[in-house]
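The values are calculated or read from the model by the stated rules, or taken from the named source; none is laboratory data. This is a predicted model, so every value here is computed, not measured. So basically every Cβ, Gly included, is an ideal-geometry build from the backbone, and we count neighbours across all protein chains shown. Protein only, heavy atoms only, side chains kept; ligands, DNA and RNA dropped before computing areas. Shrake-Rupley method; radii C 1.70, N 1.55, O 1.52, S 1.80 Å.
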Amino acid sequence: MASLSTIVKAYDVRGLVPDELDEDVARALGCAFAHVVGVADAAVSSSAATAGAAVPTVEAVPGRVVVGHDMRASSPGLSQAFAQGVTGQGGDVVLIGLCSTDGLYFASGSLGAPGAMFTASHNPAGYNGIKLCRAGARPIGQDTGLDDVRRLAARFLQEGPPALPQTHRPGTITEHDVLSEYAAYLRGQVPAAASRRLKVVVDAGNGMAGLTVPAVLGDAAGLPALDVDVVPLYFDLDGTFPNHEANPLVPDNLRDLQAAVVEHGADLGLAFDGDADRCFVVDERGEPVSPSAVTALVAAREIARDRTEGRQPVVIHNVISSRAVPEVVAEHGGRPVRTRVGHSFIKARMAEEQAVFGGEHSAHYYFRDFWFADSGLLAALHVLAALAEQAEPLSRLAAGYERYVGSGEINSTVADVTGRLHAVRDAFAGDGVVLDELDGLTLTHDDPDGAVDWWLNVRPSNTEPLLRLNVEGADRETMERVRDQALAVIRASAF
């Protein structure tokens, strides 16, 4: 059995089943989670603290946890074991069964309960994991409770969890299907006002979008179907991923969708990852639309629908989003706010700013009116609505938001991460280059008129000796020149 330090990452739990993550580990994590989020029985929490288990002080929340899972074969057993861990500490559990990660966030927000989603997202079939949140879908990361869960679970695995006093009852487990409520809520966020019928190819990748897309776009949840013809690809729920990995960030995994869009003469294509919290878009030519362009498009719509009097709408974007994002936000009367890469950073800043929307390069899209959590399908509804409300093809609509040429993220394994960062800074210093270190190293160069010439960001990995490079330029020639120069410096002392 692997150490919990191996599988508890910065933002979630992820490991091979059963070598790293099995039902005993899931049960211990459930016990620990109950204490960290404050749903455990007060007597058992006191007992654990007396036993030296370092139970953290938490705010009082309703004594229940909502638990969902994806379509992987190991997910039902792991989620049941986790639920047993919670109830063994006196907390109640609401099992919502098969769901997407944003479906779990919906349940956490609407029920006002902490949540646990069993999924390994886009990882291969042998993996599973857990995404955890506090009540109202508030994120839990390494610095906001996940490390407490890890330490407490490790102790419970070694010594056993504290037992409930005989005078106290274990928690209860109830079941509640939230799919129809989730679908109705998403549809209510983007009212249908289409002026034309669309054809869309959807690649669910055998993941949870195979359940949620028919409910939200069609009539599977008892709602009237949208004015959309859906061509389904790989809607069968199958955690072995027989067709391709459910990771649309990898270009090869978009090939089937791109071909199907062209073959069927569709207006666009949508691809989802395994737990359906991310959505990737391709246009009518089968060409990918960058997540930054989707961020800008949705941001403009969310700014327009914001009705908060006396307050300028705020949109969050991370340091490697296209420069087009803050430009579009400002042009539509919003205030762009830049953050570090990572969902815990963007969610925290969204809550702090009461931001209407936030987007990341990884195709995570966050909404104020979705408890500041991310929903790929809610972003997809915005894209469909924006396209249906006008006559232009998606390629032309997206062109207004794709103003620059990006390199995409390029990883390099290096011997001296800090030394290579300093070398990049020195190589590009001077000549009007502006430096900031919000997340790694960002260098920006504008032309004499103040327009963007190029920018680059180099960030170290949290877990590996890697540097991640992103470059954007006013044109392809500029981007490629800066990209190649930066890579030559970064890889000068590679392993």
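Please report the equivalent ellipsoid semi-axes of the chain, computed as sqrt(5 x eigenvalue) of the Cα gyration tensor, largest first, in whole Å. Present the calculation step by step, with values, prior to reporting the outcome.
Working: eigenvalues 281, 164, 89 Å².
Those come to 37, 29, 21 Å.
Counting other Cβ atoms within 10 Å, keep those with at most 13, restrict to DSSP loop, and tell me which GluC sites (Glu not before Pro) in the range 400-447 are left.
Details: sites: 402, 409, 437; in loops: 402, 409, 437.
In loop regions of the range 400-447 (DSSP not H, G, I, E or B), the sparsely surrounded GluC sites (Glu not before Pro) are 437.
How big, on average over all directions, is the shadow cast by the Cα convex hull of the range 96-217, in nm²? Kindly include the intermediate steps, with their values, before the conclusion.
Details: hull surface 43.4 nm².
Reported value for the Cα convex hull: 10.9 nm².
Leaving out ligands and nucleic acids, note down the accessible area per residue over the chain with a 1.4 angstrom probe, in whole Å².
On the way: 19260 Å² over 495 residues.
For the chain, the per-residue accessible area is 39 Å².
Provide 434, 482 ordered by accessible surface of protein heavy atoms (probe 1.4 Å), highest first.
Values: 434 90, 482 0 Å².
The ranking, largest first, comes out as 434, 482.
When the accessible area of the range 86-139 is computed with all protein chains present and a 1.4 Å probe, what percentage of it is carbon and sulfur?
Details: 570 of 1020 Å².
For the range 86-139, the apolar C and S fraction of the accessible surface comes to 56 percent.
By a straight-distance test (C-alpha under 18 Å), which aspartates and glutamates pair with residue 347 as possible cross-link partners, with residues fewer than eight away in the same chain excluded?
12, 102, 143, 277, 302, 360, 369, 374, 439
Is the range 320-373 rounded, prolate or oblate when judged by the Cα gyration tensor, a ≥ b ≥ c being the square roots of its eigenvalues, rounded requiring a/c under 1.5 and prolate requiring a/b larger than b/c? Kindly include the intermediate steps, with their values, before the conclusion.
On the way: a/c = 1.75, a/b = 1.23, b/c = 1.42.
Because a/c hits 1.5 or more and a/b fails to exceed b/c, the range 320-373 counts as oblate.
Given H placed on each backbone N at 1.01 Å, which residues far from residue 65 in sequence or on other chains put an amide H within less than 5 Å of it?
For residue 65, the qualifying residues are 92, 93, 94.
What value, in deg cm²/dmol to 500, does the helix sum -39500 (n - 2.57) over DSSP H runs of n ≥ 4 give at 222 nm once divided by the residues of the chain? Don't skip to the answer; put the middle values down first.
Numbers: 16 runs with 175 residues, N = 495.
Counting only the DSSP helices, I get -10500 deg cm²/dmol.
Which ³J(HN,Hα) values, rounded to whole Hz and listed in residue order, are derived for the range 408-419 from phi using the Karplus coefficients 6.51, -1.76 and 1.60 in 6.51 cos²θ - 1.76 cosθ + 1.60 with θ = phi - 60°, glycine and proline given as x?
Result, rounded to whole Hz: x, 7, 10, 9, 9, 7, 10, 7, 9, 4, 4, x.
Counting other Cβ atoms within 10 Å, keep those with at most 13, restrict to DSSP loop, and tell me which GluC sites (Glu not before Pro) in the range 333-400 are left. Write down the numbers at each step before the final one.
Working: sites: 352, 353, 360, 389; in loops: 360, 389.
For GluC sites (Glu not before Pro) across the range 333-400 that sit outside H, G, I, E and B with at most 13 neighbouring Cβ atoms in 10 Å, the list reads 389.
Residue 320: accessible area at probe 1.4 Å, nearest 10 Å²?
10
Give the Rg/Rh ratio for the range 277-374, taking Rg as the radius of gyration of the Cα atoms and Rh as the Kirkwood radius, to two decimals.
On the way: Rg = 12.5 Å, Rh = 13.1 Å.
Rg/Rh: 0.95.
Carbon and sulfur together cover what percent of the accessible area of the range 208-362 at a 1.4 Å probe radius? Don't jump to the answer; show the numbers that get you there.
Values: 2870 of 5810 Å².
Using a 1.4 Å probe with all protein chains present, the range 208-362 comes out at 49 percent carbon and sulfur.
Inverting the mean 1/r over all pairs of different Cα atoms, compute the Kirkwood radius of the range 62-142 and quote it in Å. Write down the numbers at each step before the final one.
Numbers: mean 1/r = 0.0807 Å⁻¹.
Averaging 1/r across every pair of different Cα atoms and inverting gives 12.4 Å.
May I ask which residue of 357, 380, 395 lies farthest towards the positive end of the charge dipole of the range 337-428, with charges of +1 (Lys, Arg) and -1 (Asp, Glu) on Cβ and the Cα centre as origin?
It is 357.
Report the net charge of residues surrounding residue 438, where surrounding means a beta-carbon distance below 12 angstrom and charges are Lys +1, Arg +1, Asp -1, Glu -1.
Working: positive: 338, 340, 349, 459; negative: 436, 437, 439.
Neighbourhood net charge equals +1.
Put +1 on the Cβ of each Lys and Arg and -1 on the Cβ of each Asp and Glu in the chain; which of 303, 182, 90 then has its Cα farthest toward the positive end of the dipole?
90
Could you tell me what percent of the DSSP beta bridges with both partners in the chain are antiparallel, to the nearest 5? Write out the running numbers ahead of the final one.
Values: 45 of 76 bridges.
Of the beta bridges lying entirely in the chain, close to 60 percent run antiparallel.
Express in % the proportion of alpha carbon pairs of the range 366-446 at distances exceeding 15 Å.
Beyond 15 Å sits 75 percent of the P(r) for the range 366-446.
With θ set to phi - 60° and the Karplus curve 6.51 cos²θ - 1.76 cosθ + 1.60, what are the ³J(HN,Hα) couplings of the range 17-32 in order, to the nearest whole Hz, using x for Gly and Pro?
Each residue's phi maps through the Karplus curve to give 10, x, 4, 10, 10, 10, 5, 5, 5, 4, 5, 5, 5, x, 4, 5 Hz.
Show me, for the range 351-361, the HN-Hα J-couplings you get by feeding each phi into the Karplus relation (A = 6.51, B = -1.76, C = 1.60, θ = phi - 60°), rounded to Hz, glycine and proline as x.
Values per residue, Gly and Pro as x: 5, 4, 8, 6, 5, 6, 7, x, x, 10, 4 Hz.
Which of the three applies to the range 87-127, rounded, prolate or oblate, going by the alpha-carbon gyration tensor with a ≥ b ≥ c and a/c under 1.5 meaning rounded?
Working: a/c = 2.91, a/b = 1.50, b/c = 1.94.
It comes out oblate by the Cα gyration axes.
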